[in-house]
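Worksheet for the structure shown next.
The values are calculated or read from the model by the stated rules, or taken from the named source; none is laboratory data. Every value quoted in this text rests on a predicted model; they were computed, and no experiment measured them. Here the Cβ positions follow ideal geometry from the backbone for every residue, glycine too, while neighbour counts run over all protein chains shown. All accessible areas refer to the heavy atoms of the entire protein, side chains included, with ligands and DNA or RNA removed. Shrake-Rupley method; radii C 1.70, N 1.55, O 1.52, S 1.80 Å.
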Amino acid sequence: MAHSSHQVPADAAARRAVRPVICYPNSTLPVPDLALYRAAREGATKTGEVLAAARDAACFEVPAGHFFRITSVEGPQVGDLNLWNRDDLSERFYSGKTRALHGTHITTGERMWTSFPAMRPMATIIEDSLAWYGMDEFGGSVHDVIGTRCDPYTGNLLAGSQYHHCCHSNLTRALADHLGISLAEAEPHVHDVLNVFMCTGFTRDTGQYFMKQSPVRPGDYLEFFAEISLLGALSACPGGDCSSEHSSDTAACYPLLVETFAPSEAALEAWQSPQLNGYDQSHGR
Ligand SMILES: [Zn+2]
């Protein structure tokens, strides 16, 4: 935080003591029907799987109304997740708005929201085997929407490095390969992630973004319901469990498994994919 030479006002304590108000009370958010989703998941059948190799990424597609599960395999590993509307890549995961609506970390019953002007739920978390973790004494929790993704530009800025297996680059290569486009065409589509399994927070004294060793163990998983048809990309972060450093080949890294599941025919007859946001986009003109 910036230092200031300004004088502390006489009523500083009183001003600091004002109670916060929640920016976006979420009591009017549409509530996902978890009971319906879970019933549909009960009768679902597996349709495919893909492995994101250590320090690399993989793409996967999930039709609207289907499910996908991300699982830690072989060793503790965090993942960086990007999601797009499969039919329109300009509609993609909006980390900042998801944070504003749900808080710094998301879990069961909460949703990943899309960018303007669509701004609708794209995926709903239906199971989280790390939900028990809650928030620790440092203010750390799992599955954050506060980080961006590890990237070679920040590494270069801070250390002059040329490292090629940051999540940003992994996601860029995976998307380019999946769509048959160039790296230059793919890179602008890569966006701020959901940090799957990563344990993060902000220090209370300096407000700095921190990470700590993830509580994830092989077998832990995070499962989603696809509210719209999705293209996903998942990177197995070079930080491994993020206990020490990222943006290098130093940490022990493991793959991440993504599995997709289709519900049985009639399971979701009562369900509809979310509409586009209702704002008319006239912006006062
Ligand atoms: Zn990363």
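Things worth noting here:
- Rg over Rh, two decimals, the range 209-274 (C-alpha only, Kirkwood Rh): 1.11
- Distance between the range 90-134 and the range 250-285 - C-alpha centres, whole angstrom: 10 Å
- Relative contact order of the chain, pairs being alpha-carbon contacts under 8 Å that are 6 or more residues apart, as %: 35 percent
- Charge dipole (Cα centre; +1 on Lys/Arg Cβ, -1 on Asp/Glu Cβ; no other charges) of the range 14-118 amounts to roughly 700 debye.
- Radius of gyration, Dmax [the range 110-213; alpha carbons; angstrom]: 16.1, 47
- Selection among SER141, ASN170, VAL73 by position relative to the dipole of the chain gives SER141 as farthest towards the positive end (Cβ unit charges, Cα centre).
- Take GLU74: with every protein chain present and a 1.4 Å probe, its accessible area is about 140 Å².
- For the range 170-264, convex hull volume per residue from C-alpha positions, Å³: 160 Å³
- Surface accessible to a 1.4 Å probe, per residue, for the residues of the chain, Å²: 51 Å²
- Distance between the 7 Å Cα→Cβ label points at SER27 and SER90: 3.8 nm.
- Nearest-0.05 FRET efficiency for PHE116 and VAL73, computed from C-beta distance (R0 25 Å): 0.10
- Solvent-accessible area, 1.4 Å probe, carbon plus sulfur percent, for the range 165-236: 53 percent
- At 0.890 mPa s and 25 °C, Stokes diffusion of the chain via Kirkwood alpha-carbon radius, µm² per second: 123 µm²/s
- Translational diffusion of the range 10-95 was estimated from the Stokes-Einstein equation, with Rh taken as the Kirkwood radius over Cα pairs; at 10 °C and 1.306 mPa s the coefficient is 89 µm²/s.
- Extension gain from ASP11 to PHE210, taking 0.36 nm per residue of separation minus the Cα-Cα distance: 68.4 nm
- Of interest is the spacing of the C-alpha centroids, which for the range 184-198 and the range 199-226 amounts to 17 Å.
- Where a label projected 7 Å from the Cα of LEU36 along Cα→Cβ would reach, residues of the range 114-154 with amide N under 20 Å: 114, 119-127
- Largest accessible area first, the listed residues PHE224, PHE138 line up as PHE138, PHE224 when surface is computed with a 1.4 Å probe on the assembled protein chains.
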